[in-house]
Amino acid sequence: MTVPYIIREATPADADRIAPLLREKDRREVEAITGECPEAILPRSFVAEPPCKVLFAETAESKQPILIGGVRSTPDHGATSAAVWMVGTPLLERYSFTLAREARRYVDAWGRSYHRLWNTAWEGNDLHVEWLRFLGFTITGRFEHRGLPFITFEKSIPCVESIPLVRE
C-alpha cells in the first residue's frame, strides 16, 4: 500500500503556505494562546533561539498541506524539557489516524533527547486533545486564557540509553 502523504523537515515557505489553510479550531487555538494570527506565528518557528525541529506533512500526489508541528527546547522549564506543538488543515481529519501513529514515532524519538515533553492546548480543540491522549500525554492542569479553557499536558520519558532507534 502506498502512503498517501509525505512527512519531511519543514521550511519557512511551508509555514507561510499552511497558515491561511488551518482548521478553524487550530487557528482559534493559535490566536487565543498567542494573541497573534498563525501567519505571524508559524514562520517564527524557524528562528527560535533554542534548538528546534519542525516537520511538515503534505499529500503525496497533490502536495496539499496537512500539518506542521515540531519540538523546541525549553530550558526555562527544565534542562531536558521541550515544548511540542502541531496545527493542521482540514485534511488532518482525513489522515488523522495514520498520522497519529506516525506522530508517536516522532514523539518517542524527541523524548529520548528531551525526556520531558509538554505544552498547552485549547480544550475545545477535540482533535488535539484526542491526539495527546493517543500519544501518551497526561493532562496536568487546566486554566482559562482569553476566555477559553486550556489544558497543560506533558509526557515524561525516563532517561534510558538502551532504547532502540525508531525507523527513519
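The values are calculated or read from the model by the stated rules, or taken from the named source; none is laboratory data. Only a predicted model underlies this, so the values are computations on that prediction, with no experimental measurement involved. All Cβ positions, glycine included, derive from the backbone under ideal geometry; neighbour counts span all protein chains shown.
Points worth noting:
- Close pairs from segment 124-150: first farther than 22 Å from R104 by Cα, partner in a helix (DSSP H, G or I), Cβ under 6 Å, at least 6 apart: R146/A32; L148/A32
- Boolean, I6 is farther than 27 Å from S156 by Cβ and either assigned to a loop (DSSP other than H, G, I, E, B) or under 14 Å from the mean Cα position of the chain (by Cα) (or both): no
- Check on I151, farther than 19 Å from R101 by Cβ, loosely packed, with under 15 Cβ neighbours inside 10 Å, β-branched (V, I, T) and at pLDDT 95 or above: no
- Matching residues, segment 63-78, being within 18 Å of D108 (Cα to Cα) and hydrophobic (A, V, I, L, M, F, W, C): I68, V71
- Residue match in segment 98-105 (condition: touching a Cys at 6+ places or on another chain (Cβ under 7 Å), surrounded by 16 or more Cβ atoms within 10 Å (Cβ to Cβ) and of a type outside the set (S, T, Y)): no
- Options V54, V30, V84: the member that is free of Cβ contacts under 8 Å to residues at least 40 places away in the same chain, within 14 Å of the chain's Cα centre (by Cα) and surrounded by 19 or more Cβ atoms within 10 Å (Cβ to Cβ): V84
- Residue in segment 94-103 that is closer than 21 Å to T152 by Cβ and either in contact (Cβ under 8 Å) with a residue 40 or more places away in the chain or in a strand (DSSP E or B) (or both) present: no
- Top-ranked residue of segment 18-74 - restricted to ones that are in a helix (DSSP H, G or I) and more than 20 Å from N125 (Cα to Cα), ranked as modelled with the highest pLDDT: A40
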